């Protein structure tokens, strides 16, 4: 938004200056990048590679996250990952059942009764067990942290814009939810102040009811007022769809779901022919998705400042895809270093291709525009109303960079 | 399902509702209602009715028989079929560790199954929600859905982390009870979606949580209509406890093979049959979450429904009445203006 228009350049073109202007990236790009990293992580248990993937994800997050509330969630995901690893290792210690040769230490055994399938607790703890739990846990933790990276980089409200048109109403109500949730805090505060002014006691069951019920009543009244406001502004005008589209939608959806049913059967029954499995499953899903898209055509809406896929977005998504693809390539060429051996315990080693694969995921940290900071630009709520720009989206009339014909 | 409500019954059922308490609260509708209260704004019916319901019933029972069934979100036949098929599919996806074939050769066959499910469940959920809202959502339903989802999303972090005190479900159950199964389903899904967006909790687990919570709301809407008063609260509390355990059970079941990996005695064993795996899973869920999280969730539900239930139910019903979902809306041409212009 800075420098509306440099002479001689149409406003739509992405800026060619370097470093590029600060702007938030399309959330889809971040999700594709993170899913690429997660897929790559799922293909290996090599702790060195997994640690590299973790480092790459963390570095990109630190470089490219904004200062919105969701950007702070990355730490939570790191804690979750640590919890997963600890859980896995602890399970191996408690329920391990004494597999493995290199016994590290022996705990007193507790045999359980027959109803518990003859499980015994504790006993010998072997290094193979612990390491196996650690490797597996680290892999899952890395995948979870990759998802966390996407969560802290991608703007959830912008993501709502990408909902297909058939989910327009549900998206709109989620937008209402996201808008109302912060107001509830204020509502609670108001009710408590009113209670204090009346000299009501602040504790106990009565106080809880005395706060929750007025807040609920307030919220419900607000929702009806909002509905009246929406109706009076013509919301729901497009409710009718022509019968042919409805029929096509219905047929596509039902056929798609039945296809998914067949595919599910094929996947879960080993005797079924392979064509009945995953292909049918995905095909049914695709048909149902097509029904969703056709059904969405009844809602015609315009996008306010639509998110465009520019080179930076393509590069980010491409980096993730490259990481995943290179890792798959390695799995075909030399799979030994991807799954370090446990049965003779050996030190995990790195080979060149997977390292390059993981490093490809680092590119967005340098080649994408920086996110806007609140010091320079207004906070990250320029788009209001997410999916719709409709309900509750009053105010905040930002002017779009003007498009004027080039002289 | 609920679409089977006889549509002819609804417009007539609403106006007589305030009639039985006629003398004591004559002015109540006009005071509480105001111009926006369409349901209560039908006073002419009042004097005609007072003899009809037996006034000997205790005041608690008064609302029982005549209480109109509110369906904030009508589930049409097509949506009902979609919902049914999708629920079956979802259930199979939750229970995949038990359904995977026991032969060793089936392992490679079904290895990608959970990954496929993670991709497909969002599609299925989206299709169901789209079908539920097909034909446009009433603005009042939309706003109520949004506001209740916001309340749920705000309630969720209150208890998160403290040993299973999970506060999402009680309002979901009560709202499903009042507004019907379709609304309960949509509310369960949107609540968890909004909450995940607010707390940056989007991930592969989200569709599963949404589906399970949607079932909780759906089931609350499908409970028998008859009980009222204390019996209703008791029924809802029992449902809250049961649904808490079932929710924990299916969420555990789906994630069980990932949660502890293989190589322990409580691990998922692809070569064992479903019965053996179910046994192992019972032990796993007992060891991990049944006593802690699930019981905590059940107790939270019971206590919250028992303590706050009556008041919250009354509040929600008042809102449902004021929203007047079942009132038919019709537009008529304004004659004088049409006459003026030839």
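Rule-based calculations on the coordinates, nothing more; no lab input. Here the structure is a predicted model, which is why all the values come from computation and not from measurement. Reconstructed Cβ throughout: ideal geometry from the backbone, glycine too, with neighbour counts over all protein chains shown.
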* **Projected-area mean, the range A:139-257, by convex hull of Cα positions, square nanometres** => 13.5
* Asked: With a Cα-only, solvent-free Debye model of the range A:243-298, what are the log10 I(q)/I(0) values at q = 0.15, 0.29, 0.30 Å⁻¹?
  -> -0.43, -0.95, -0.99
* Asked: Order of B:207-215, B:315-323, B:274-282 by packing, highest average Cβ count within 10 Å first?
  -> B:207-215, B:315-323, B:274-282
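If I take every Cα pair under 8 Å that is 6 or more residues apart in the range B:77-323, average their sequence separation and divide by the length, what percent do I get for the relative contact order?
26
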* Structure fact -> Taking the convex hull of the alpha-carbon atoms of the range B:77-323 and averaging its shadow over every direction gives an area in square nanometres of 13.8
* Structure fact -> Dividing the alpha-carbon radius of gyration of the range A:167-232 by 2.2 N^0.38 Å, where N counts its residues, gives 1.36
* Asked: What does the average come to when, for each residue of peptide A:60-70, you count the partner chain Cβ atoms lying within 10 Å of its Cβ?
  -> 1
* **Förster radius 56 Å - calculated FRET efficiency between residue A:232 and residue A:102, Cβ distance, rounded to 0.05** => 0.15
* Asked: Over all residues in B:186-197, what is the mean tally of Cβ atoms on other chains that come within 10 Å of each residue's Cβ?
  -> 4
* By average C-beta atoms within 10 angstrom, highest first, the peptides A:31-37, A:219-225, A:348-354 -> A:31-37, A:219-225, A:348-354
* To do: Count, for each residue of A:221-231, the Cβ atoms from other chains sitting within 10 Å of its Cβ, then give me the mean as a whole number.
  => 6
* Can you give me the Cα centroid spacing of the range B:209-278 and the range A:117-167 in angstrom? -> 21
